[in-house]
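Student: Here it is, the structure, as structure tokens.
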Ligand code: BMA
């Protein structure tokens, strides 16, 4: 008799773009697909690394979301910017060793981790926001290609270090080179043609999977807000290199405009995802400072709950000037608790059961 769950059995039939993906990664994909059948999971960037007025020194199991609701998020966003430089901490001062531990804790509790990466500009070594042209230098044959491979080697080192107590790979969703249709990153529209972008993605995939044996990833392609399907697909590297789809949608203008943006963009993405039979998510979002008291139930949930997405991830609680989830005493807290209690909004306890 088999002890495997139905989900574990169905995971055996899942094909990821990395044909050598570990079975844990295929199983994660099965869970991500399954989540969307019940509702959508709530995610928060750096949820357990720090919050308003606190920072994890390695001794805490804490998150602003849990302080407010008594529950932890289902989805955990972490960021690898500066791993490529061999630094001990990322660009937002999260120590990589600690991050690995937090990813492990999230995994052992049934949570899901999604990883973004804001690598520095390989040519100037300035930040990811330095749009100085660098792409032709780093692609195969470019003068900085060996150096960039060295960066990917360090990235792979971190990804391969994600292991359970018994040494099994911890699968994560990898969402590199995001928001490429915007002009603020060196891999973005202003600095890189769509063909160069696709090449960068494919070479990264090949180097990670073939040269450095990284097999615990689900590859997620995520743009910033788009006008239409054509813009969304403009940089798409191909079905052989992508497992799931994402989009980053921030509430920057009026509430009416954000509602329209969510509906138009997510309806469009749902169509593409359906055609490709891929799961999809709101991979980044939020209203900085959550200034609208009933934002969670009235603005976010009402406009995303019927779309079929697997999760919605809010960006980080860095400081009182830059936060996207409530903390104790924040004005949207009460509404956030209502949001958490909606049956289709899934926090850790609920996605933990989707196994
Ligand atoms: C941006 C901001 C920055 C941060 C970067 C990477 O949206 O939050 O402060 O460094 O993401 O996490």
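Student: Residues of the stretch 303-320 being in a loop (DSSP other than H, G, I, E, B) and in contact (Cβ under 8 Å) with a residue 12 or more places away in the chain, which ones? Lay out the reasoning, then the answer.
Tutor: To start, the set of residues in the stretch 303-320 that are in a loop (DSSP other than H, G, I, E, B) comprises 305-310, 315-318, 320.
Listed by number, the residues that qualify are 305, 307, 308, 309, 310, 315, 316, 317, 318, 320.
Student: Residue 296 passes all but one of (1) within 16 Å of the ligand (Cβ to nearest atom); (2) closer than 19 Å to residue 73 by Cα; (3) over 19 Å from the mean Cα position of the chain (by Cα); which number fails?
Tutor: Of everything listed in (1) within 16 Å of the ligand (Cβ to nearest atom); (2) closer than 19 Å to residue 73 by Cα; (3) over 19 Å from the mean Cα position of the chain (by Cα), residue 296 misses just condition (1).
Student: Can you say whether residue 174 is under 23 Å from residue 265 (Cα atoms) and out of contact with any helix residue (DSSP H, G or I) (no Cβ under 8 Å at 6 or more places or on another chain), as far as the supplied structure shows?
Tutor: On the way: under 23 Å from residue 265 (Cα atoms): yes; out of contact with any helix residue (DSSP H, G or I) (no Cβ under 8 Å at 6 or more places or on another chain): no.
Spelling it out, it is not the case that residue 174 is under 23 Å from residue 265 (Cα atoms) and out of contact with any helix residue (DSSP H, G or I) (no Cβ under 8 Å at 6 or more places or on another chain).
Student: Filter the stretch 1-44 for residues that are part of a helix (DSSP H, G or I), over 25 Å from residue 316 (Cα atoms) and in contact with a helix residue (DSSP H, G or I) (Cβ under 8 Å, 6 or more places away or on another chain) and give the result.
Tutor: 7, 8, 10, 11, 23, 26, 27, 30, 34, 38 - these are the residues of the stretch 1-44 that are part of a helix (DSSP H, G or I), over 25 Å from residue 316 (Cα atoms) and in contact with a helix residue (DSSP H, G or I) (Cβ under 8 Å, 6 or more places away or on another chain).
Student: Let me ask you something else. One residue is enough: does the stretch 155-165 have a residue meeting the conditions away from the ligand (no atom under 14 Å from the Cβ), modelled with pLDDT under 95 and out of contact with any strand residue (DSSP E or B) (no Cβ under 9 Å at 6 or more places or on another chain)?
Tutor: Here is the first cut: in the stretch 155-165, the residues away from the ligand (no atom under 14 Å from the Cβ) are 155-165.
Of the ones still in play, those that are also modelled with pLDDT under 95 are 165.
Filter once more, so that each one left must be out of contact with any strand residue (DSSP E or B) (no Cβ under 9 Å at 6 or more places or on another chain): 165.
Yes.
Student: Of 269, 348, which residue is touching a strand residue (DSSP E or B) at 6+ places or on another chain (Cβ under 6 Å), surrounded by 20 or more Cβ atoms within 10 Å (Cβ to Cβ) and either at pLDDT 95 or above or farther than 23 Å from residue 116 by Cα (or both)?
Tutor: Details: 348 fails: touching a strand residue (DSSP E or B) at 6+ places or on another chain (Cβ under 6 Å).
None of the others qualify; the one that does is 269.
Student: Still on this structure, I have one more. Kindly indicate whether any position in the stretch 57-71 is in contact (Cβ under 8 Å) with a residue 24 or more places away in the chain, surrounded by 21 or more Cβ atoms within 10 Å (Cβ to Cβ) and not in a helix (DSSP H, G or I).
Tutor: No, there is no match, as no residue in the stretch 57-71 is in contact (Cβ under 8 Å) with a residue 24 or more places away in the chain, surrounded by 21 or more Cβ atoms within 10 Å (Cβ to Cβ) and not in a helix (DSSP H, G or I).
Student: Looking at 22, 13, which is the one that is more than 30 Å from residue 338 (Cα to Cα) and at pLDDT below 95?
Tutor: Numbers: 22 fails: at pLDDT below 95.
13 is the lone residue from the list that is more than 30 Å from residue 338 (Cα to Cα) and at pLDDT below 95.
Student: Please go through the stretch 84-117 and pick out each residue that is assigned to a loop (DSSP other than H, G, I, E, B) and either over 18 Å from the mean Cα position of the chain (by Cα) or more than 15 Å from the ligand (Cβ to nearest atom) (or both). It would help to see each step written out before you state the result.
Tutor: Residues of the stretch 84-117 that are assigned to a loop (DSSP other than H, G, I, E, B), as a first pass: 86-88, 90-94, 109-111.
Of everything in the stretch 84-117, those that are assigned to a loop (DSSP other than H, G, I, E, B) and either over 18 Å from the mean Cα position of the chain (by Cα) or more than 15 Å from the ligand (Cβ to nearest atom) (or both) turn out to be 86, 87, 88, 93, 109, 110, 111.
Student: Please enumerate the residues belonging to the stretch 275-293 that are more than 26 Å from residue 176 (Cα to Cα) and more than 16 Å from the ligand (Cβ to nearest atom).
Tutor: Residues satisfying the conditions are 291, 292, 293.
Student: Additional query: So residue 288 fits all but one of (1) buried (at least 21 other Cβ atoms within 10 Å of the Cβ); (2) within 19 Å of the chain's Cα centre (by Cα); what number is the exception?
Tutor: (1)
Student: Pick from the stretch 122-138 the residues that are within 26 Å of residue 244 (Cα to Cα) and crowded, with 17+ Cβ neighbours inside 10 Å: which of them is nearest to the ligand (Cβ to nearest atom)?
Tutor: Step one: of the stretch 122-138, the residues within 26 Å of residue 244 (Cα to Cα) are 128-129, 135, 138.
Checking which are crowded, with 17+ Cβ neighbours inside 10 Å leaves us with 128, 135, 138.
Working: 128: 8, 135: 20, 138: 20 Å.
The extreme case among them is 128.
Student: What is the residue count in the stretch 60-83 for residues that are away from the ligand (no atom under 14 Å from the Cβ), in contact with a strand residue (DSSP E or B) (Cβ under 9 Å, 6 or more places away or on another chain) and more than 22 Å from residue 312 (Cβ to Cβ)?
Tutor: 1
Student: How many residues does the stretch 182-196 contain that are surrounded by fewer than 20 Cβ atoms within 10 Å (Cβ to Cβ) and either in contact with a helix residue (DSSP H, G or I) (Cβ under 9 Å, 6 or more places away or on another chain) or within 14 Å of residue 81 (Cα to Cα) (or both)? Break it down into steps so the answer makes sense when it comes.
Tutor: Pass one, the stretch 182-196, residues surrounded by fewer than 20 Cβ atoms within 10 Å (Cβ to Cβ): 182-184, 190, 193-196.
This time we only want the ones that are either in contact with a helix residue (DSSP H, G or I) (Cβ under 9 Å, 6 or more places away or on another chain) or within 14 Å of residue 81 (Cα to Cα) (or both), so: 193, 196.
Total meeting the criteria: 2.
Student: Also, quick follow-up: From the list 235, 219, exactly one residue is assigned to a loop (DSSP other than H, G, I, E, B) and under 22 Å from residue 315 (Cβ atoms). Which is it?
Tutor: Values: 219 fails: assigned to a loop (DSSP other than H, G, I, E, B).
Among 235, 219, only 235 is assigned to a loop (DSSP other than H, G, I, E, B) and under 22 Å from residue 315 (Cβ atoms).
Student: Being touching a residue at least 24 places away in the same chain (Cβ under 8 Å) and out of contact with any helix residue (DSSP H, G or I) (no Cβ under 8 Å at 6 or more places or on another chain) is the filter; apply it to the stretch 200-218 and report the residue that is surrounded by the fewest Cβ atoms within 10 Å (Cβ to Cβ). Break it down into steps so the answer makes sense when it comes.
Tutor: First, pick out the residues of the stretch 200-218 that are touching a residue at least 24 places away in the same chain (Cβ under 8 Å): 200-205, 207-209, 211-218.
Retained after the next criterion (residues that are out of contact with any helix residue (DSSP H, G or I) (no Cβ under 8 Å at 6 or more places or on another chain)): 203, 209.
Details: 203: 18, 209: 20.
Here the residue is 203.
The values are calculated or read from the model by the stated rules, or taken from the named source; none is laboratory data. All of these numbers come straight from a predicted model, not from anything done at the bench. Note that we place each Cβ from the backbone using ideal geometry, even for glycine, and neighbour counts take in every protein chain shown.
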